[in-house]
Amino acid sequence: MRRIMRLVILFDVACALCFGLGGACFAADETDVAEGGIAFSPAVGLFTQVRNPLNPQSVYPHKIHREIAPSELKADGYDPTRLKDIIAEIDRCYTSENTDPAAAVKLRSALKRLREEIDIFTTRLTLMDMQYDRDVHDKKLSRDIVRLNTAYTDLTNQAMDCMARVLDGPFHDILADELTASEEKTLRQHSSVPELIPLEKKESRLRQEYDRIISEKESLEQTAAKALPVFQELVAVRTEIAKVCGFDNYADYADSFLYGRDYTGADLENLYAAVRQHLVPVYVEWSNDFVDAELAEDHRADGDRILEEIAPFIGQIDPGLKEAFNYLRRNRVSDLDYYPGKQDVGYTNTMPQYGSAYIFNAPAGDERDYTNTVHEFGHFNSTYHDPTPVLFSSNYMDTQELQSQGLEMLFMEYYDRLFGQDAALLQEDALLGMLDSVIQGCMSDEFQRTVYTHPDMSGEEINALAARLCAEYGQIDAGLLTPEEAAVDWTLLDHTFSSPLYYISYATSGLSAIDLYLKSLEDRQAAVDTYMKVSAMGGQTAYRRAISSCGLRDIFAPDTVPAIAARLAEIRAEQQPAEQTNEQAAD
């Protein structure tokens with residue numbers, strides 16, 4: 001038997017537009033949302049989405065998917081002049097008078113090629129990023145990624161500016177007919193900021209420096225000593241980025257421009273307090289009771305076996321999930337296996353060239369690899385079905401994380417058939433793990449938000465803040481960290497360096513995922529229907545709007561967190577007599 005290792009593996013950025021439109025300052029904008037919270041557009045065009053004509057009852061909009069040959073999945077780079085030439089053609093021919101009688105037809109063709117070329121560029125960068133995470137010491141690849149990301153930022157901004165000029169020119173109606181009102185608004189509000197380019201380039205290099213530090217797998221003290229000054233430099237650079245875009249601090253910039261959050265800093269302060277008061281005590285007690293739990297079996301498996309074994313249950317949750325899962329397996333768009341040098345991260349990135357995504361995950365070598373794959377498939381399925389063009393995609397991360405964490409909670413139904421006699425223990429572990437997501441999400445966000453609103457903090461002050469928050473959020477009382485580790489353990493969290501202010505999305509979505517689970521205990525089908533509505537939103541609906549339209553509770557309401565904590569305590573109390581009976585039988 002093996003003692004269960006309760007370790008939450010959280011995930012790297014899983015966004016619809018993984019590279020973002022850097023070098024620009026414009027707020028995220030929501031699409032119009034139909035009943036049920038799903039966005040559909042009434043017309044067909046280059047930049048619009050429609051209901052699936054082959055299955056009008058599907059919750060998912062229509063989207064084209066291409067089959068992928070193995071040779072197409074190589075990280076072979078991209079020539080930016082291809083996109084540059086299309087932008088130049090549109091700017092030259094369609095931002096002013098053009099007497100060619102076929103100009104309208106040619107403009108539509110050029111716009112189609114523009115979208116296709118941006119899709120190709122985005123996909124090539126996704127493949128390069130994954131190759132980098134297989135070997136962060138590949139210096140040529142590291143340089144190429146910085147160079148091409150800079151070109152991507154510049155050219156996607158040029159594309160937006162060029163299309164905005166077309167809208168102001170004689171061919172306005174032709175382009176406007178291809179856009180939704182929201183997309184036209186986005187183009188008109190877009191503003192390129194050249195001053196951001198060198199700052200974002202420096203930020204990218206600092207993130208790569210952290211990757212190399214963490215890959216050396218030194219002691220915690222050695223890693224922290226090297227990572228702290230890199231973090232301080234990142235805080236300084238990101239503070240400059242925020243100021244260039246007109247914000248006092250990077251936390252406000254991230255909330256508005258990176259993640260489009262529809263809640264405030266004051267909402268978060270109340271959430272931190274509620275989690276500390278009501279959930280941390282449940283978490284600490286449960287963690288201490290769980291510490292000696294042992295599994296009866298070894299659930300280690302390679303990636304192909306994991307996909308094969310979870311496949312029957314994906315369709316049982318809802319048949320609508322099978323299409324994306326079958327595509328994933330058929331086209332082998334996942335990397336789930338271990339090999340030396342692979343970065344200890346997990347994420348799903350978009351590949352719009354194929355209407356697909358790709359799952360990358362470093363395995364833990366135990367049952368977590370099953371649940372991590374389910375988590376990532378939640379992202380994959382949403383991205384697979386989301387037809388939003390790259391230029392107009394939004395990064396509502398809280399909604400996207402609910403698409404993954406919510407699927408994890410619904411998947412617990414099949415643990416008995418997947419994990420046998422360990423099922424009950426692993427179901428309990430899954431709930432405790434989701435509590436970890438909530439608590440660590442709040443703790444990490446409070447840590448980062450404090451630093452980014454006080455960017456001149458010294459290294460000693462940063463470490464002291466981390467130690468205090470670890471104590472307040474129960475990490476020491478739960479036996480997860482010693483007081484000495486608490487001051488520097490934050491340096492092991494990749495998100496802190498690569499995806500600033502992202503981590504609160506695990507807390508908000510974690511609470512809603514638990515709410516979905518509690519709903520499933522009362523009415524399984526209603527919970528599944530709720531999840532399917534959320535999964536169809538892609539990354540295009542802000543979090544509070546998403547959960548409201550799907551009938552989940554507002555986690556910021558004063559009574560929500562206390563009610564969830566009370567219900568979890570009841571579930572825990574119900575489990576304990578059964579556990580004690582099992583222990584007595586074993587004795």
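The values are calculated or read from the model by the stated rules, or taken from the named source; none is laboratory data. None of the values given here were measured: they were computed from a predicted structure. So basically every Cβ, Gly included, is an ideal-geometry build from the backbone, and we count neighbours across all protein chains shown.
Can you pull out the residues in the stretch 410-442 that are of a type in the set (S, T, N, Q), in contact with a helix residue (DSSP H, G or I) (Cβ under 9 Å, 6 or more places away or on another chain) and surrounded by fewer than 20 Cβ atoms within 10 Å (Cβ to Cβ)?
Taking the stretch 410-442 and keeping what is of a type in the set (S, T, N, Q), we get 421, 427, 437, 440.
Right, trim to in contact with a helix residue (DSSP H, G or I) (Cβ under 9 Å, 6 or more places away or on another chain) and you get 427, 437, 440.
Listed by number, the list holds a single entry, Gln427.
Out of Pro194, Pro170, report the one residue that is within 29 Å of Phe497 (Cα to Cα) and part of a loop (DSSP other than H, G, I, E, B).
Working: Pro170 fails: within 29 Å of Phe497 (Cα to Cα).
Within the list Pro194, Pro170, the selection yields Pro194.
Those residues that are within 15 Å of Asp398 (Cβ to Cβ) and of a type outside the set (A, V, I, L, M, F, W, C), I need them from the stretch 235-264; list them, please.
Asp255, Ser256, Tyr259, Gly260, Arg261, Asp262, Tyr263, Thr264
Name the helices (runs of 4 or more DSSP H) wholly inside the stretch 498-560 in which the number of residues that are touching a Cys at 6+ places or on another chain (Cβ under 6 Å) is 3 or more.
Details: elements: 504-522, 524-535, 543-550.
Where helices (runs of 4 or more DSSP H) fall fully within the stretch 498-560 and carry at least 3 residues being touching a Cys at 6+ places or on another chain (Cβ under 6 Å), they are 524-535.
Determine if the stretch 217-234 includes at least one residue that is surrounded by 15 or more Cβ atoms within 10 Å (Cβ to Cβ), more than 23 Å from Ser394 (Cβ to Cβ), at pLDDT 90 or above and among the β-branched types (Val, Ile, Thr).
There is at least one residue in the stretch 217-234 that is surrounded by 15 or more Cβ atoms within 10 Å (Cβ to Cβ), more than 23 Å from Ser394 (Cβ to Cβ), at pLDDT 90 or above and among the β-branched types (Val, Ile, Thr).
Does Val488 qualify as being over 24 Å from the mean Cα position of the chain (by Cα), buried (at least 18 other Cβ atoms within 10 Å of the Cβ) and either at pLDDT 95 or above or over 25 Å from Ala293 (Cβ atoms) (or both)?
Numbers: over 24 Å from the mean Cα position of the chain (by Cα): yes; buried (at least 18 other Cβ atoms within 10 Å of the Cβ): yes; either at pLDDT 95 or above or over 25 Å from Ala293 (Cβ atoms) (or both): yes.
Spelling it out, Val488 is indeed over 24 Å from the mean Cα position of the chain (by Cα), buried (at least 18 other Cβ atoms within 10 Å of the Cβ) and either at pLDDT 95 or above or over 25 Å from Ala293 (Cβ atoms) (or both).
What are the residues in the stretch 367-400 that are of a type in the set (Phe, Trp, Tyr) and not in a helix (DSSP H, G or I), if any? Even if it seems obvious, please write down each step before you answer.
Initially, the stretch 367-400 is screened for residues of a type in the set (Phe, Trp, Tyr), giving 370, 377, 380, 384, 392, 396.
The one that is of a type in the set (Phe, Trp, Tyr) and not in a helix (DSSP H, G or I): Tyr396.
Among the numbered criteria (1) free of Cβ contacts under 8 Å to residues at least 60 places away in the same chain; (2) of a type in the set (A, V, I, L, M, F, W, C); (3) closer than 24 Å to Ile213 by Cβ, which single criterion is violated by Leu167?
Only one criterion in (1) free of Cβ contacts under 8 Å to residues at least 60 places away in the same chain; (2) of a type in the set (A, V, I, L, M, F, W, C); (3) closer than 24 Å to Ile213 by Cβ is unmet by Leu167, namely (3).
Being assigned to a loop (DSSP other than H, G, I, E, B) and within 29 Å of Cys245 (Cβ to Cβ) is true for just one of Glu178, Glu209. Which residue is that? Before the answer, list the steps.
Values: Glu209 fails: assigned to a loop (DSSP other than H, G, I, E, B).
Testing whether each residue is assigned to a loop (DSSP other than H, G, I, E, B) and within 29 Å of Cys245 (Cβ to Cβ) leaves just Glu178.
Look through Arg66, Arg113, Arg124, Arg82 and report the one residue that is at negative phi, at pLDDT 95 or above and outside any helix (DSSP H, G or I). Full working, then the answer.
Values: Arg113 fails: outside any helix (DSSP H, G or I); Arg124 fails: outside any helix (DSSP H, G or I); Arg82 fails: outside any helix (DSSP H, G or I).
Of the residues listed, the single one that is at negative phi, at pLDDT 95 or above and outside any helix (DSSP H, G or I) is Arg66.
Could you go through the stretch 457-467 and let me know if any residue there is within 30 Å of Thr399 (Cα to Cα) and assigned to a loop (DSSP other than H, G, I, E, B).
Looking through the stretch 457-467, none of the residues is within 30 Å of Thr399 (Cα to Cα) and assigned to a loop (DSSP other than H, G, I, E, B).
Which one is farthest from Arg212 (Cα to Cα) among residues in the stretch 341-379 that are of a type in the set (A, V, I, L, M) and out of contact with any strand residue (DSSP E or B) (no Cβ under 9 Å at 6 or more places or on another chain)?
First pass over the stretch 341-379, keeping only residues of a type in the set (A, V, I, L, M): 345, 351, 357, 359, 362, 364, 374.
Remaining after also requiring out of contact with any strand residue (DSSP E or B) (no Cβ under 9 Å at 6 or more places or on another chain): 364, 374.
Details: Ala364: 20, Val374: 29 Å.
The selected residue is Val374.
Against the conditions (1) within 16 Å of the chain's Cα centre (by Cα); (2) assigned to a helix (DSSP H, G or I); (3) closer than 30 Å to Arg238 by Cα, where does Phe447 fall short? Just the number, please.
Of (1) within 16 Å of the chain's Cα centre (by Cα); (2) assigned to a helix (DSSP H, G or I); (3) closer than 30 Å to Arg238 by Cα, only one is false for Phe447: (1).
Under 27 Å from Gln475 (Cβ atoms) and out of contact with any Gly (no Cβ under 7 Å at 6 or more places or on another chain): which single residue out of Ala301, Ala324, Ala293 fits that description? Step through it out loud before you land on a result.
Details: Ala301 fails: under 27 Å from Gln475 (Cβ atoms); Ala324 fails: under 27 Å from Gln475 (Cβ atoms).
Just one listed residue meets the conditions, Ala293.
Filtering the stretch 470-485 down to residues that are part of a helix (DSSP H, G or I) and in contact with a Cys (Cβ under 9 Å, 6 or more places away or on another chain), which residue is farthest from Thr496 (Cα to Cα)? Talk me through it step by step, then tell me what you get.
Taking the stretch 470-485 and keeping what is part of a helix (DSSP H, G or I), we get 470-472, 483-485.
Now narrow it down to the ones that are in contact with a Cys (Cβ under 9 Å, 6 or more places away or on another chain): 483, 485.
Numbers: Pro483: 20, Glu485: 17 Å.
Ranking the candidates gives Pro483 first.
Give the stretch 89-135 a look and list any residue that's among the basic types (Lys, Arg) and either out of contact with any Cys (no Cβ under 8 Å at 6 or more places or on another chain) or within 15 Å of Asn149 (Cβ to Cβ) (or both), or say none. Let's see the steps before the verdict.
So in the stretch 89-135, the residues among the basic types (Lys, Arg) come out as 92, 106, 108, 112-113, 115, 124, 134.
Matches in the stretch 89-135: Arg92, Arg108, Lys112, Arg113, Arg115, Arg124, Arg134.
Restricting to the stretch 159-181, what's the tally of residues that are within 27 Å of the chain's Cα centre (by Cα) and surrounded by fewer than 18 Cβ atoms within 10 Å (Cβ to Cβ)?
So the answer is 1.
Just one of (1) touching an Asp or Glu at 6+ places or on another chain (Cβ under 8 Å); (2) in contact (Cβ under 8 Å) with a residue 60 or more places away in the chain; (3) closer than 19 Å to Phe497 by Cα trips up Thr186, so point out which.
(3)
If I filter the stretch 108-119 for residues that are over 29 Å from the mean Cα position of the chain (by Cα) and either without any contact (Cβ under 8 Å) to a residue 24 or more places away in the chain or within 29 Å of Tyr347 (Cα to Cα) (or both), do I get at least one hit?
Scanning the stretch 108-119 turns up at least one residue that is over 29 Å from the mean Cα position of the chain (by Cα) and either without any contact (Cβ under 8 Å) to a residue 24 or more places away in the chain or within 29 Å of Tyr347 (Cα to Cα) (or both).
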